[in-house]
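Q: This is the structure I have questions about; it appears just below.
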Amino acid sequence: MMKTFKYISILVALLCGTGHALAQTPDTGTTTGDACGFVLEQGRVIGGNGADSGARLMDPVIIDFDGDGIDDLVFGAPGYTPNGMNRAGSFYVILGRKDFSFDSLRDMTYWSQFDYRFDGHTPNGQLGMTLYTGDFNGDGKLDIAVAEPGQFGSVYIFYGGKSRVRGIHSIDDENNGADLAFVGTELGSHFGIAGCVGDFNHDGIDDLALSSISKNSTYGTNASIVTIIPMRSRWEKKSYSMSNKLNGKTVLSRSLSGNARVVHACAAADFNDDGLTDIALGMPLDSYQKQKASGSVTVIYQPYKYNGTTIDLGNLDPKHGIRINGNQTNAQFGYALAAGDVTGDGRADLIVSAPNRLVSGPNPEGAVYVFDSNLFPKDSGEQPDNAIQLTGNGGRFGEKIWLADVNADKRTDIVVAAPQAGALQSGAISIWLGGPHFGEAVRQKWPPDFANTGGVLMGFGP
């Protein structure tokens, strides 16, 4: 287990700047503090920039970017100011090598130890805020989608395994930049800042589901929408406006009250075991029976079946799916979502966080719920008691959830972040090992330890 945590600690160091000054501002040389720097606005993570405008490293992803058979590390710096364009943002690629070891260090203090850097060209566009991976052209290789949610919002696709000249490039460089782009149509929509990947039309190519805010009267005067874009092997153009009629495009819309600005969390999987891909959407600011910000999760079955139309998530038709409502004021149920076979039964489970959940008090401990596929709700209603509950110890436990096989046993494990945990708010991650006895082990033993169901790794301080 200790070796597993060494791998995880490397990921945390790259993500949050712990241990090394990974978040040093390149143009001033002054240290910006912790590199996570998430800004929470109305219940959702919508940004990664501190008051000092630091570059701020965001969640990394791992793909074989250059096609040499070795995985590479990709991460965004949405607050970076390339070529004098304020917060246009950039994202970086560090290529994997056979000679890398635990003693290898890429000190990003100097922002020079990278193989590729791709720069945004829109002031305040914040390129690199969110990254998605999938096979978006059906060639069997992992590709990457990079969100630029500022201004009108854009999402850029880079196909994996493509030969590119190493160095610094503009995102729209003809030969080395993005292969495909989707461009938002509304200023301030945050298009692409949240979303998920799944093969919704079952053609063997991964599709994108992207969240945004809309004030277009078509969706309501203030709406949170999710647009499912079916990807394909060939495109006629390199850039498409979201106002275009894309074949198979599906829109899921939810009206928001007042001036609320919140995007849906998202996860894709086959939740009802019919062999088709469904989508789960978290809305942490939802109110249920006068419980404000109790949150909700809406599951739409086979959304591609309704392509070319708009599904109203506010007035959900039972034929479309179900809504699971949170049952505690301000718990923010649905803040983060993940989907995978954690219980080892060969079927997808839905994992939902409520980072402000009050379990025993006096302060919110936070909770993560695992909805076992065998006990998945059949109808809309309040969150059921039969979900497996992982309880935190505060610090906004559940603000982020990842699924991975951390101990190489070919089972899906859960990694949960509590970015404000600890006396110094240095953050923590918790790991629960998945498998057939997952639920029983979690219910019998808490807190976890390094020898049994999980372990906790604390950060290094601010």
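Q: Rounded, prolate or oblate, given the Cα gyration tensor of segment 264-462, with a/c below 1.5 counting as rounded? Show your work: numbers first, answer last.
A: On the way: a/c = 1.96, a/b = 1.34, b/c = 1.46.
Oblate, because a/c is 1.5 or more while a/b does not exceed b/c.
Q: Of SER353, ILE300, PRO377, which is farthest along the charge dipole of segment 264-462 in the positive direction, counting Lys and Arg as +1 and Asp and Glu as -1 at C-beta?
A: So the residue furthest toward the plus end is SER353.
Q: Here is a further query. May I ask which of LYS141/LYS410; LYS238/LYS400; LYS98/LYS410; LYS98/LYS141 have a Cα-Cα span longer than 27 Å here?
A: Working: LYS141/LYS410 21 Å; LYS238/LYS400 33 Å; LYS98/LYS410 23 Å; LYS98/LYS141 20 Å.
Violating the 27 Å limit, Cα to Cα: LYS238/LYS400.
Q: Can you pull the one-decimal nm distance between simple spin-label points at ASP273 and LYS215, each 7 Å off the Cα toward Cβ?
A: Going from the ASP273 label point to the LYS215 one covers 4.7 nm.
Q: May I ask you to compute the full-extension gain from ALA408 to THR309, defined as 0.36 nm times their residue separation minus their alpha-carbon distance, rounded to one decimal in nm?
A: Taking ALA408 through THR309 to full extension adds about 31.4 nm, to one decimal.
Q: Still on this structure: Can you list residues from other chains, or at least 5 along the same chain, whose modelled amide H is less than 5 Å from the amide H of ALA194?
A: So ALA194 has HN proximity to SER211.
Q: Still on this structure, I have one more. Taking the alpha-carbon distance from LYS319 and a cut-off under 19 Å, which lysines remain once sequence neighbours fewer than 8 residues away in the same chain are dropped?
A: Filter leaves LYS305, LYS378.
Q: Taking the beta-carbon count within 10 Å as an exposure proxy, list ILE324, ILE311 from fewest neighbours to most. All intermediate terms of the calculation are to be shown ahead of the outcome.
A: Values: ILE324 28, ILE311 20.
In increasing order of surrounding Cβ atoms, one gets ILE311, ILE324.
Q: Related question: Just to verify a number: FRET efficiency for ASP179 and LYS290, C-beta to C-beta distance, R0 = 60 Å, to 0.05? Provide the component values of the computation, followed by the final result.
A: Numbers: r = 49 Å, r/R0 = 0.82.
Efficiency, from the Cβ-Cβ distance: 0.75.
Q: Can I ask one more? Using the C-alpha gyration tensor of segment 136-237, what are the square roots of 5 times its eigenvalues, in whole angstrom, with the largest one first? If you can, show how the numbers build up before the last one.
A: Working: eigenvalues 130, 65, 19 Å².
After diagonalising the Cα gyration tensor, the semi-axes are 26, 18, 10 Å.
Q: Step by step: find N for segment 260-332, compute 2.2 N^0.38 Å, then divide the Cα radius of gyration by it. What's the final number? Walk me through the numbers on the way to the answer.
A: Working: Rg = 12.9 Å, N = 73, 2.2 N^0.38 = 11.2 Å.
Rounded to two decimals, the normalised Rg is 1.14.
Q: Treating only the Cβ atoms of Lys and Arg (+1) and Asp and Glu (-1) as charged, compute the dipole magnitude of segment 264-462 about its Cα centre; round to the nearest 20 debye. Before the final figure, lay out the partial values.
A: Working: 14 positive and 21 negative charges, 103 e Å.
In debye, rounded to 20, segment 264-462 gives about 500.
Q: When you count, for each residue, the other Cβ atoms within 10 Å and take the mean per peptide, how do 299-309, 228-238 rank with the highest first? Show your work: numbers first, answer last.
A: On the way: 299-309: 18.5, 228-238: 15.1.
In decreasing order of mean packing, 299-309, 228-238 become 299-309, 228-238.
Q: Between ASP203 and PHE100, what length in nm is gained on full extension when 0.36 nm per residue of separation is reduced by their alpha carbon distance? All intermediate terms of the calculation are to be shown ahead of the outcome.
A: Details: separation 103, 0.36 × 103 = 37.08 nm, distance 3.74 nm.
Full extension from ASP203 to PHE100 adds 33.3 nm.
Q: Related question: Quick one: which of 384-394, 144-154, 425-435, 345-355 comes out on top by average Cβ neighbours within 10 Å, and what's the full order, highest first?
A: Working: 384-394: 17.5, 144-154: 26.3, 425-435: 22.0, 345-355: 24.5.
Those peptides, ordered most packed to least, come out 144-154, 345-355, 425-435, 384-394.
Q: Another one. Please label the shape of segment 361-424 as rounded, prolate or oblate, based on the square roots a ≥ b ≥ c of the eigenvalues of the alpha-carbon gyration tensor (a/c under 1.5 means rounded; beyond that, a/b larger than b/c means prolate, else oblate).
A: It is oblate, given that a/c is not under 1.5 and a/b is not larger than b/c.
Q: By how many nm would the segment from SER243 to ASP64 lengthen if fully extended, with 0.36 nm per residue of separation less the alpha-carbon distance?
A: Details: separation 179, 0.36 × 179 = 64.44 nm, distance 3.24 nm.
Taking 0.36 nm per residue and subtracting the Cα distance, the gain is 61.2 nm.
Q: LYS245: which aspartates and glutamates have alpha carbons under 13 Å from its alpha carbon, excluding same-chain residues fewer than 8 sequence positions away?
A: Those aspartates and glutamates meeting the cut-off do not exist here.
Q: Tell me whether segment 236-286 comes out rounded, prolate or oblate; compute the Cα gyration tensor, take square roots of the eigenvalues as a ≥ b ≥ c, and use a/c under 1.5 as the rounded threshold. Let's see the in-between values first.
A: On the way: a/c = 2.69, a/b = 1.08, b/c = 2.49.
Oblate, since a/c reaches 1.5 and b/c is not below a/b.
Every read-out reported here was derived from the displayed coordinates using simple, explicitly stated rules and does not represent laboratory data. Please read these numbers as outputs of a predicted model, since none were measured by experiment. Virtual Cβ from ideal backbone geometry, glycine too; neighbours counted across all protein chains shown.
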